[in-house]
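Engineer: Sharing a structure with you now.
Since every read-out is calculated from the coordinates, none of them should be taken as a lab result. It should be emphasised that the depicted structure is a prediction, and the values quoted were computed from it without experimental measurement. Ideal geometry is used to build each Cβ from the backbone, glycine not excepted, and the neighbour counts take in all protein chains shown.
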Amino acid sequence: MPPLLTIVGRKHSGKTTTVVRLAAELHRRGHRVMTIKHGSHTFNIDPTTTDTYRHYHEGHAERVAMVSPDKFALVMRWNEELGPREIAARYMADADLVLCEGFKGSDLPRIEVFRVAAHPTPLFDATHATAPLYQAIVTDDDGFDAPCRVIRFSDTAWLQHLGDVAAALIDRG
């Protein structure tokens, strides 16, 4: 089972951008990174005009695999949402690290993206049970302080510092 690290934050705080940039940084360092994006509503990865859409929606197939020379995708129905650990164990066991986006209610180690440009307060609360899970908070607030590592977007090496935090989880296994 690979280590998991989730990126959390309020809406429009930059979670997706941070996951993408961190994944690219870790890839640059030679790590095999996989990602899981948590959504609160359903999604379609293929438009209504495709055969795979028809297989799934009209044919009510339980699982539909989409295969091309360079990609594979599996869409499957489920009655109960799997958690990030179960997904990683089933489908991403060969990753060096699985970066998750969201899952703020989980017990995963986490990095918060906190931008005052988006919201005046972070999710982080030192009195909350999730406080010990915080590996770092990356922020645009130069006056913000927390008991975990604080990385500032104003630091030109912020992404390398974030990569170091994630790489430490890989090293711990």
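Engineer: Show the residues, 5+ positions off or on another chain, whose built amide H is closer than 5 Å to the amide H of K104.
Structural biologist: Amide H neighbours of K104, under 5 Å, 5+ apart: none.
Engineer: Just report the Cα centroid separation between region 96-124 and region 158-172, whole Å.
Structural biologist: When both Cα centres are located, 15 Å separates them.
Engineer: Moving to a separate point now. Please build a GNM for the chain, connecting alpha carbons under 10 Å apart, and tell me which residue among G143, G39, G163 fluctuates the most.
Structural biologist: For the chain, modelled as a Gaussian network with Cα springs under 10 Å, the answer is G143.
Engineer: If you don't mind, there's one more thing I want to ask. Roughly how many Å is it from the Cα centre of region 77-91 to that of region 6-55, as a whole number?
Structural biologist: Cα centroid to Cα centroid, the span is 15 Å.
Engineer: Can I ask one more? Relative to the longest principal axis of the C-alpha atoms of the chain, give the angle of the C-alpha long axis of helix 15-28, reported between 0 and 90° and rounded to the nearest 10°.
Structural biologist: The angle comes out at about 90 degrees.
Engineer: On to the next question. Go ahead and estimate [θ] at 222 nm for the chain from helices alone: -39,500 (n - 2.57) per DSSP H run with n ≥ 4, summed, over the residue count, rounded to 500.
Structural biologist: Calculated from helices alone, the mean residue ellipticity at 222 nm is -7500 deg cm²/dmol.
Engineer: Follow-up question, since we're still on this one. Loop-only check: which GluC sites (Glu not before Pro) in region 47-111 are DSSP coil with at most 10 other Cβ within 10 angstrom?
Structural biologist: Passing sites in region 47-111 are E58, E62, E80, E81.
Engineer: Compute log10 of I(q)/I(0) for region 88-169 with the Debye formula, placing one identical point scatterer on every Cα and leaving out solvent, at q = 0.26 Å⁻¹, to two decimals.
Structural biologist: Each listed q maps to, in turn, -1.42.
Engineer: Here's another thing I want to ask about it. Excluding residues fewer than 8 places away in the same chain, name every one of the aspartates and glutamates whose C-alpha is closer than 14 Å to that of K71.
Structural biologist: Excluding near neighbours in sequence, the set is D46.
Engineer: What FRET efficiency would be calculated for the residue pair A131, M76, taking the C-beta separation as r and a Förster radius of 35 Å, to the nearest 0.05?
Structural biologist: 0.50
Engineer: I've got another one for you. Please find, in a Gaussian network model of the chain (springs between Cα atoms separated by less than 10 Å), the residue of M66, M34, M92 whose mean-square fluctuation is greatest.
Structural biologist: Comparing M66, M34, M92 in a Gaussian network model of the chain, the most mobile one is M66.
Engineer: Now for a separate question. If R0 is 30 Å, what FRET efficiency do you get for D94 and A168 from their C-beta distance, rounded to 0.05?
Structural biologist: Efficiency, from the Cβ-Cβ distance: 0.90.
Engineer: Also, quick follow-up: Filter the chymotrypsin sites (Phe, Trp or Tyr not before Pro) in region 10-100 to those in DSSP coil with at most 15 other Cβ atoms within 10 Å of their Cβ, and list the result.
Structural biologist: F43, W78
Engineer: Could you compute the FRET efficiency for D51 and R149, with r as their C-beta to C-beta distance and R0 at 41 Å, rounded to 0.05?
Structural biologist: About 0.25, to the nearest 0.05.
Engineer: Which three numbers, in whole Å and largest first, are the semi-axes of the equivalent ellipsoid of region 41-124 derived from its Cα gyration tensor as √(5λ)?
Structural biologist: 31, 17, 14
Engineer: For the chain, take the longest principal axis of its alpha carbons; what is the angle in degrees between that and the long axis of helix 158-172, to the nearest 10 within 0 to 90?
Structural biologist: Helix 158-172 sits at roughly 70 degrees to that axis.
Engineer: Let me ask something else. Return the Cα extents of region 18-173 along principal axes one, two and three, sorted largest first, each rounded to a whole Å.
Structural biologist: 56, 33, 27
Engineer: If packing is taken as the mean number of other Cβ atoms within 10 Å per residue, what is the order of 7-14, 106-113, 146-153, highest first?
Structural biologist: Put in order of decreasing packing, that is 106-113, 7-14, 146-153.
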